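Novice: Shown below is the structure under consideration.
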Amino acid sequence: MDIMLHIGAHRCATGYFQGFLAHHAARLRQDGLAIWGPEQTRNGLFHGIQPGPAPVTGRDLATRARGRLRLRIATETASGAQRLLISDTELMGGAHDLLQQRQLYAGIGVRLARFDAAFDGQVRDVMLNLRSPDRFWTSLLTQMVANGHPLPSAAVLGQIAAHPRSWRDVITDIACAMPNARIRVMPYETYGDRPEVQLSLLADLRLARMPRSDRLNRSDGLPTLRHRLAPDVARDLPRGEGRWSPFSDIQSAALRERYADDLMWLQGGADGLAELMRDPDKHAVGLNPPPYDLTRGTSDDDQNRRLAGSG
């Protein structure tokens, strides 16, 4: 059976994608595609695979987990499924791990190498959603604060912004952990609200968008965030409306620049490690592109007109 992993990342509309899969689960099964979401994966199915301390019982937990997965996959095959799509951000690690490490998925290589072994190398595709780090960390911190965590200190924000690890490093670790799998990258900015396009690119199945367009787990705006927090915490938030922006302008600019470098690397082929999925709704201009103005900034004529009228 071909196995596809949708691993996230966090705060990249993964819950919306999982809701889309659950909404169309019956139709997808008719097409031979079985779906395992968090409801199936977080009930002990992966126990023994994830790194970390385990009780001393004299049993080989990894071997037991591999056998458990084989039985579940055999059941899916017997029911008529030819492919399996597993969607769970916890495959990459937990949100708490991100905040403790203050960098992007430091342990993802070890985690996915264990999953690759547990699935006997049957993983064919890995789907990764990524997002500009300034918005990724802001969304993650907003969710954690809304759930009762303290506001991040200036030192924590500085460590996150200054850490050199980028999405390129995450992708490289995934490629090393799962050398036989194709890594397909779908940026949140392009695909976040288009789960039907993501599924089409990953599994070559075209389904209509869900009737509802509500996002799951959307970040709270400042007014809602203040209302949810204790008064002594809410008073440290900035005033005004809109979204909370914990990073300084300089820090945000540095994070965005790192993301631009990552996207340029992906567009250049990512050293053969991953594929940046092209938006099927955008068409190439062909051999004779239209005569757009490709210069940066404004023309000299525009500048001269403004200067002439400024006195």
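Novice: Please compute, for the alpha-carbon atoms of segment 158-270, the extent along each of the three principal axes and give them in descending order in Å.
Specialist: Largest to smallest, the principal-axis extents are 51, 41, 22 Å.
Novice: Under a Cβ-Cβ cut-off of 14 Å, what is the net charge of the residues other than A254 that fall near it, where Lys and Arg count +1 and Asp and Glu count -1?
Specialist: Value of the local net charge: -1.
Novice: Could the peptides 116-126, 83-93 be put in order, highest first, of the mean number of other beta-carbon atoms found within 10 Å of their residues? List each step's numbers first, then the result.
Specialist: On the way: 116-126: 18.3, 83-93: 21.5.
Ranked by mean Cβ neighbours within 10 Å, highest first: 83-93, 116-126.
Any read-out appearing in this document is the output of simple, stated calculations on the displayed coordinates, not a laboratory observation. Because the structure is predicted, anything quoted here is derived from the model rather than measured. As a convention, Cβ positions derive from the backbone with ideal geometry for all residues, glycine included, and neighbour counts pool all protein chains shown.
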